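**Student:** I have a structure I would like to understand better, so I am pasting it below and will then ask my questions one at a time.
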Amino acid sequence: MNIPNELFYTKTHEWAKKIGPREAVVGITDYAQKQLKDIVFVELPSIGKEVKMGAPCAVVESVKAAYDIYSPLSGKVTKINQKVQEEPQLVNEDPYGEGWFFHMEISDPNEFNKLLNPGQYETGAGFEH
Amino acid sequence: MKKTPLYDTHLKLNGTMVSFHDYSMPLHYSSIINEHLCVRENAGLFDVSHMGRFEISGDKALPFIQHVITNNVVRLADKQALYTPLCNEQGGIIDDILVYKWHDKSLMLVVNCGNREKDFLWLQKQATNYQPLEMKDVTDYVSLISFQGPLSCRMLEATLSYKLDHLRRFSFDNFLWNDTRIVISRTGYTGEDGFEIFVNAKQAVKLWDLLLEKNKQNGLNPIGLGARDTLRLEACLLLYGNDMDETITPLETIIGWTVKFDKGDFIGREALSRQKEKGIGRKMVGFEMTDRGIPRHGYPVLKGNESVGKVTSGSFSPSTHKNVGLCFIKTQYAKTGEAFQIQIRNNNYNARVVKIPFYRSIKKEGK
C-alpha cells in the first residue's frame, strides 16, 4: 500500500496535504482508487464552495456505481483539478499526484490534529479485503 | 449464500465476489473495463450457472410454451432457441427467457436467476390444461458457461475438436465431451458472436479449466458480472429488474418485436392488443449524455421542468467512450435526436435520443 509520509489521512480514505499555513490539497488514497477500480467520472465542488470536515464534497464513479468523497478539512475551495474531470483515470494512475481533487483555504488549522498520520492510517483505517 | 460449482475457481482466479440474487458471483477478476474490452477484441469466459434452467416435456409441451410466451415458438425448427418475454394477463413482463426447442415434446427454458422460483410456480399454475407435463428445475445439476467474443468460435473448435459452422446464431446441439453429453448453443448476452455451454455440474470445473488453460495465451480471460452488464447494455439487451418488471409491457420497451399477435391466443394477448390500439404512453429509448455525467437506474428524465420519464439502465460505455443509457420517455419525445435532461444528484444534464444499439460488432458469426 502506498501511503506517503507527508500527508494526513481520513478513515474514509481521503488525503490532505498542507501546502501553506492555511492551504491544503485534497485527494483520495491509493487504497481508495484500488478499491474503486476503473474510475470513469469525477465531480468536484465549484470554486468558492464551503466544505465541512467529514461532509460529502465530491463524487467519484467507477463503472459500477457512484461514491461520495468526504472533505478531510473545513474551509473554502480555491482551485479544482480540471484535468481530472476530463481524464478521471488519473485518479487510478497517480492518486497522490496528477489525480488530486482540489485546493482549499482551511478555516481551522487545528483540524489537522484530528486527521490520521500515515502510521495510524495504515493500522487503523480498517482496510477490508 | 448460494454458490455455483465454479465458486472455488473464481476465488483461485482472484475474483472480487459479490452477492447477486443470493448467489456469490464474481463482479470482476481484473477490472470491468479490461474484461469488457477483452470480450470485444478476443474472447471471454463467464460463469452463468446462477441462471435458472427448466426442462419441460410432455405431449403438449409445445402448445403449453406457446400459450405462456408472447413470441412464436411453433415456427422454430428443432434445436433452435428463441428469446421471449413471459407475460401476465395484464401484459406485464414476469420474466424474459430463452426457450430451447429440442422437439415438439421436449423443451428447455433459461430464466433469470432472481425469477427462478416465481417463474416455476407461475408455469406450474398455467399447466393444468396441458397435462401430462413434466417440469424439472435442473439448475443445480447443470452448469452454464458462456464463451463470448470474436475469437470464441475458433477457440472452442480448436479446444474441443468440434466443427461448429453448422451451428448458426440461436441454434444448439448435443456434443460428446469427456464421455459426457454437453449442449452448445450459439447464444449470448454481449452483442458478440458466442456460445453457451450446458455441462453436468460435476464436470463444470474441468471444462472451465480446460477452456481457459488452452486459450489464455491467445487472450481468453474470465469475465465477471460487471462487464457482463456493460457488454449487454452497449448491445441494448435488456436486464430484468432494471429495464423490465411486471408493471412494464414488452410494447413499451425495445422488445416489442417479441409480441406476435398473429400466432393465436397467449397469456397477455388481450391486454397487449388493447394497449396497442389505445396507443402507448411511454417508450423506451437509447440515449447518450451530451453533458458530462453518468446516468444510472432510477434517475429522473426531464424536458425542461417537466418530468417525462426514468432511466432504466445507464453506464460509461467502454467501447464507445460515451455515457449511455436506456430510459422510458413520453412517446411524443421518443425520436432520434430529441434533446432532454437527466437529473443527477439534483443537477440537470443534457442528453439526446440516439439510434440503438450503442455498439454493433463488426465481425458477426462466421456463417
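**Student:** Which condition from (1) within 14 Å of another protein chain (Cβ to nearest Cβ); (2) within 12 Å of the chain's Cα centre (by Cα) is the one that residue A:32 breaks?
**Tutor:** (1)
Quick grid of which residues meet (1) exposed (fewer than 15 other Cβ atoms within 10 Å of the Cβ); (2) modelled with pLDDT under 95:
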residue: A:24; (1), (2): no, no
residue: A:37; (1), (2): no, yes
residue: A:41; (1), (2): no, no
residue: A:47; (1), (2): yes, no
residue: A:90; (1), (2): no, no
residue: A:95; (1), (2): no, no
residue: A:112; (1), (2): no, no
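Per-residue answers, yes or no, for (1) under 16 Å from the mean Cα position of the chain (by Cα); (2) surrounded by fewer than 23 Cβ atoms within 10 Å (Cβ to Cβ):
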residue	(1), (2)
B:53	yes, yes
B:60	no, yes
B:79	no, yes
B:82	yes, yes
B:89	no, yes
B:98	yes, yes
B:111	yes, no
B:122	no, yes
B:129	no, yes
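**Student:** For region B:152-166, does any single residue satisfy the condition of being of a type in the set (Phe, Trp, Tyr), closer than 22 Å to residue B:25 by Cα and not assigned by the TED database to the domain that holds residue B:60?
**Tutor:** Start the filter on region B:152-166 by keeping residues that are of a type in the set (Phe, Trp, Tyr), which leaves B:162.
Add one more test, that the residue is closer than 22 Å to residue B:25 by Cα, and what stays is none.
No, the conditions are met nowhere in region B:152-166.
Each row is one residue, and each column tells you yes or no for (1) within 14 Å of the chain's Cα centre (by Cα); (2) surrounded by fewer than 17 Cβ atoms within 10 Å (Cβ to Cβ); (3) not assigned by the TED database to the domain that holds residue B:258.
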position	(1), (2), (3)
B:174	no, yes, yes
B:182	no, no, yes
B:189	yes, no, yes
B:194	yes, no, yes
B:202	no, yes, yes
B:219	no, yes, yes
B:224	no, no, yes
B:230	yes, no, yes
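**Student:** Might you let me know whether region B:223-245 holds any residue that is away from chain A (no Cβ under 14 Å) and either in contact with a His (Cβ under 6 Å, 6 or more places away or on another chain) or assigned to a helix (DSSP H, G or I) (or both)? I'd like the intermediate steps shown before the answer.
**Tutor:** Of region B:223-245, the ones away from chain A (no Cβ under 14 Å) are B:235-238, B:240-241, B:243-245.
Of the ones still in play, those that are also either in contact with a His (Cβ under 6 Å, 6 or more places away or on another chain) or assigned to a helix (DSSP H, G or I) (or both) are none.
Looking through region B:223-245, none of the residues is away from chain A (no Cβ under 14 Å) and either in contact with a His (Cβ under 6 Å, 6 or more places away or on another chain) or assigned to a helix (DSSP H, G or I) (or both).
**Student:** Then there's this: Could you tell me whether region B:161-173 includes any residue that is in contact (Cβ under 8 Å) with a residue 60 or more places away in the chain, of a type in the set (A, V, I, L, M, F, W, C) and assigned to a strand (DSSP E or B)?
**Tutor:** The answer is yes; a qualifying residue exists.
**Student:** When only residues in region A:62-87 that are farther than 24 Å from residue A:52 by Cα and buried (at least 21 other Cβ atoms within 10 Å of the Cβ) count, which is farthest from the other protein chains (Cβ to nearest Cβ)?
**Tutor:** Here the answer is A:62.
**Student:** Filter region B:1-36 for residues that are over 19 Å from the mean Cα position of the chain (by Cα) and among the hydrophobic types (A, V, I, L, M, F, W, C); which is modelled with the lowest pLDDT?
**Tutor:** The extreme case among them is B:1.
**Student:** Tally time: how many residues in region B:305-347 are away from chain A (no Cβ under 14 Å) and in contact with a strand residue (DSSP E or B) (Cβ under 7 Å, 6 or more places away or on another chain)?
**Tutor:** From region B:305-347, those away from chain A (no Cβ under 14 Å) are B:305-310, B:312, B:326-341; that's our starting set.
Checking which are in contact with a strand residue (DSSP E or B) (Cβ under 7 Å, 6 or more places away or on another chain) leaves us with B:307-310, B:312, B:326-331, B:333-341.
Matching residues across region B:305-347 total 20.
**Student:** Return yes when residue B:178 is modelled with pLDDT under 95 and either among the aromatic types (Phe, Trp, Tyr) or closer than 24 Å to residue B:5 by Cβ (or both) and no when it is not. Don't jump to the end; show me each part of the working.
**Tutor:** Numbers: modelled with pLDDT under 95: yes; either among the aromatic types (Phe, Trp, Tyr) or closer than 24 Å to residue B:5 by Cβ (or both): yes.
For residue B:178, the condition - modelled with pLDDT under 95 and either among the aromatic types (Phe, Trp, Tyr) or closer than 24 Å to residue B:5 by Cβ (or both) - is met.
**Student:** A further question on this structure: Of all residues in region B:250-276, which are under 22 Å from the mean Cα position of the chain (by Cα) and in a helix (DSSP H, G or I)?
**Tutor:** Of everything in region B:250-276, those that are under 22 Å from the mean Cα position of the chain (by Cα) and in a helix (DSSP H, G or I) turn out to be B:250, B:251, B:252, B:256, B:257, B:258.
**Student:** What is the number of the single condition among (1) more than 29 Å from residue B:32 (Cβ to Cβ); (2) among the hydrophobic types (A, V, I, L, M, F, W, C); (3) touching a Pro at 6+ places or on another chain (Cβ under 7 Å) that residue B:201 does not meet?
**Tutor:** Every condition holds for residue B:201 apart from (1).
**Student:** Separate question: Among A:112, A:101, which is touching a strand residue (DSSP E or B) at 6+ places or on another chain (Cβ under 8 Å), within 30 Å of residue B:35 (Cα to Cα) and away from chain B (no Cβ under 14 Å)? Give the steps one after another, and end with the answer.
**Tutor:** Working: A:112 fails: within 30 Å of residue B:35 (Cα to Cα).
On inspection, the qualifying residue turns out to be A:101.
**Student:** Hey, does region B:268-279 have a residue that's more than 14 Å from chain A (Cβ to nearest Cβ), closer than 17 Å to residue B:237 by Cα and out of contact with any Gly (no Cβ under 8 Å at 6 or more places or on another chain)?
**Tutor:** Filtering region B:268-279 down to residues more than 14 Å from chain A (Cβ to nearest Cβ) leaves B:268-279.
Next cut, closer than 17 Å to residue B:237 by Cα only: none.
Scanning region B:268-279 turns up no residue that is more than 14 Å from chain A (Cβ to nearest Cβ), closer than 17 Å to residue B:237 by Cα and out of contact with any Gly (no Cβ under 8 Å at 6 or more places or on another chain).
**Student:** I'd like the full set of residues that are more than 10 Å from chain A (Cβ to nearest Cβ) and either crowded, with 21+ Cβ neighbours inside 10 Å or closer than 20 Å to residue A:34 by Cβ (or both), limited to region B:6-34.
**Tutor:** Step one: filter region B:6-34 for residues more than 10 Å from chain A (Cβ to nearest Cβ), giving B:6-15, B:17, B:19-26, B:29.
Of everything in region B:6-34, those that are more than 10 Å from chain A (Cβ to nearest Cβ) and either crowded, with 21+ Cβ neighbours inside 10 Å or closer than 20 Å to residue A:34 by Cβ (or both) turn out to be B:6, B:10, B:11, B:13, B:14, B:15, B:17, B:25, B:26, B:29.
**Student:** How many residues are touching a residue at least 24 places away in the same chain (Cβ under 8 Å) and farther than 22 Å from residue B:318 by Cβ when one looks only at region A:81-111?
**Tutor:** Residues in region A:81-111 being touching a residue at least 24 places away in the same chain (Cβ under 8 Å) and farther than 22 Å from residue B:318 by Cβ: 13 in total.
**Student:** Also: For region B:277-367, please list each of the strands (runs of 3 or more DSSP E) lying entirely inside it that holds at least 1 residues being of a type in the set (D, E, K, R) and at pLDDT 95 or above. First the steps, then the outcome.
**Tutor:** Numbers: elements: B:282-289, B:300-303, B:306-317, B:322-330, B:339-344, B:347-354.
Filter on region B:277-367 gives B:282-289, B:300-303, B:306-317, B:322-330, B:347-354.
The values are calculated or read from the model by the stated rules, or taken from the named source; none is laboratory data. Please read all numbers here as calculations on a predicted model, not as lab measurements. Note: ideal-geometry Cβ built from the backbone for every residue, glycine included; neighbour counts use all protein chains shown.
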